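The structure under discussion appears below in the form of structure tokens.
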Amino acid sequence: MAHLLDTLQAGSLTLHNRLIMPPMATAKSEADGGVSKAVLDYYQEKSNGGCFSLIIVEHSFVSPEGKASKNQLCVANDHLVEGLRSLAQVIHSNGSKAVMQINHAGSATTQEVIGEIPVAPSPVPHPWNGNTPKELSKQEITDIVQAFQDAARRVKEAGFDGVEIHSAHGYLLNQFFSPLSNKRTDEYGGTIHNRLRLHLQIIAAVKAVVGNDFPLLLRLGSCDFKEGGITIEDSQIAAKEFEKAGITILDISGSFLGYKSPGSSEQGYFSPLTEAIKKVVSIPVILTGGITEPQAAEKLLAAEKADLIGVGRAVLQDSQWAKQAIETLA
């Protein structure tokens with residue numbers, strides 16, 4: 001990833017150097033979460049031509065109870081590292097850097113998927129499925145920190161260029177950050193700094209095993225767009241804490257509304273959030289959200305709304321989008 005960060009520091013506005021493919025779940029893995037031929041074929045197709053500076057591989061579960069859905073990729077077992085290495089090699093062979101996103105679903109999963117009652121910071125029904133989860137004990141929280149650390153170690157061993165911690169879209173870390181789902185009265189609940197405690201523990205644990213030179217990204221659900229939920233002011237505080245803790249790049253998205261922004265359909269609809277985050281940190285910020293035209297992406301960069309542009313669903317529909325975008329702006 002060194003060349004990507006060097007480009008940012010040089011101030012280049014070239015879309016080719018600033019274009020990334022954000023994580024998008026494919027549900028193509030083997031039953032045990034292993035990398036399948038279908039997964040390799042998918043990333044071969046999307047990375048072909050090396051038009052993305054960076055590809056962030058879809059969220060992968062760090063422990064069995066954190067599995068979000070069937071056929072989700074897994075980073076919870078050492079025996080899966082070889083498959084992950086093949087995936088990193090496919091992306092590298094096409095000229096892009098590869099980061100793997102690691103995640104725990106918390107109460108965003110179901111008993112049908114994991115075979116037990118899902119866990120969460122508090123026994124608050126998840127808005128997606130309405131199921132009431134089991135409140136995590138402090139020992140279980142410690143175990144989750146260990147699971148993230150072990151997962152990050154596997155990602156590095158597999159040859160990826162970095163790892164991204166998922167704290168968005170209503171998953172476990174997002175649930176700890178949001179007052180809508182975190183009703184704890186111990187050191188993990190209440191104040192914003194308490195609600196960020198687990199994040200900071202995971203960041204420290206990951207850095208302890210991958211080292212300071214291994215890029216560490218964090219996808220942040222930066223606004224709940226709902227009274228009593230996460231505000232952008234909360235996320236500005238969080239962003240500053242994450243930068244101090246050693247996060248390399250912040251990947252900004254939505255919270256319990258997922259990748260959507262209410263009342264906005266413009267390209268780059270999370271740009272007010274990324275612009276606000278950029279004001280308080282010096283590390284690069286990624287903007288995704290409804291970007292379908294290369295001119296819109298370049299305009300957002302020129303306006304300094306973000307440092308990197310993620311284009312997901314347009315690429316999901318058309319694997320040649322990035323190549324055509326770069327040719328259009330050449």
Any residue that is closer than 22 Å to ILE203 by Cβ, buried (at least 21 other Cβ atoms within 10 Å of the Cβ), at pLDDT 95 or above and among the aromatic types (Phe, Trp, Tyr) - is there at least one of those in segment 41-49? no
Among GLY190, GLY106, the single one that is modelled with pLDDT of 95 or more, touching a strand residue (DSSP E or B) at 6+ places or on another chain (Cβ under 6 Å) and either buried (at least 16 other Cβ atoms within 10 Å of the Cβ) or within 22 Å of LEU220 (Cα to Cα) (or both) is GLY106
Mind listing just one residue for me: the one in segment 77-128 that is assigned to a helix (DSSP H, G or I) and among the polar types (S, T, N, Q) and, of those, nearest to the chain's Cα centre (by Cα)? SER107
Looking for whichever is surrounded by fewer than 17 Cβ atoms within 10 Å (Cβ to Cβ), touching a helix residue (DSSP H, G or I) at 6+ places or on another chain (Cβ under 9 Å) and under 22 Å from VAL57 (Cα atoms) here; the options are GLY246, GLY162. Which one fits? GLY246
Determine which single condition GLU227 fails, assuming it passes every other condition in (1) touching a residue at least 12 places away in the same chain (Cβ under 8 Å); (2) surrounded by fewer than 24 Cβ atoms within 10 Å (Cβ to Cβ). (1)
In segment 196-243, how many residues are aromatic (Phe, Trp, Tyr) and either at pLDDT 95 or above or within 21 Å of HIS59 (Cβ to Cβ) (or both)? 2
Subset of segment 114-134, residues under 29 Å from LEU216 (Cα atoms) and surrounded by 15 or more Cβ atoms within 10 Å (Cβ to Cβ), comes to ILE114, PRO118, VAL119, ALA120, PRO121, SER122, HIS126
Anything in segment 198-230 that is part of a helix (DSSP H, G or I), over 20 Å from PHE176 (Cα atoms) and either touching a strand residue (DSSP E or B) at 6+ places or on another chain (Cβ under 6 Å) or not small (Gly, Ala, Ser) (or both)? List them, or say none. LYS207, VAL209, VAL210
What about LYS244, is it more than 18 Å from the chain's Cα centre (by Cα) and part of a helix (DSSP H, G or I)? yes
From GLN146, GLN139, which residue is modelled with pLDDT of 95 or more, under 21 Å from the mean Cα position of the chain (by Cα) and surrounded by fewer than 19 Cβ atoms within 10 Å (Cβ to Cβ)? GLN146
In segment 278-294, is there at least one residue being at pLDDT below 90, in a loop (DSSP other than H, G, I, E, B), charged (D, E, K, R) and more than 18 Å from the chain's Cα centre (by Cα)? no
VAL206 passes all but one of (1) over 16 Å from the mean Cα position of the chain (by Cα); (2) crowded, with 22+ Cβ neighbours inside 10 Å; (3) of a type in the set (Val, Ile, Thr); which number fails? (1)
Restricting to segment 264-274, what's the tally of residues that are touching a strand residue (DSSP E or B) at 6+ places or on another chain (Cβ under 9 Å) and outside any loop (DSSP other than H, G, I, E, B)? 3
Looking at ASP32, is it at pLDDT 95 or above, of a type in the set (D, E, K, R), over 26 Å from VAL285 (Cα atoms) and not in a helix (DSSP H, G or I)? yes
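The values are calculated or read from the model by the stated rules, or taken from the named source; none is laboratory data. On a predicted model such as this, the values are computed, not experimentally measured, just so you know. In this analysis, Cβ positions are derived from the backbone assuming ideal geometry, glycine residues included, and neighbour counts consider all displayed protein chains.
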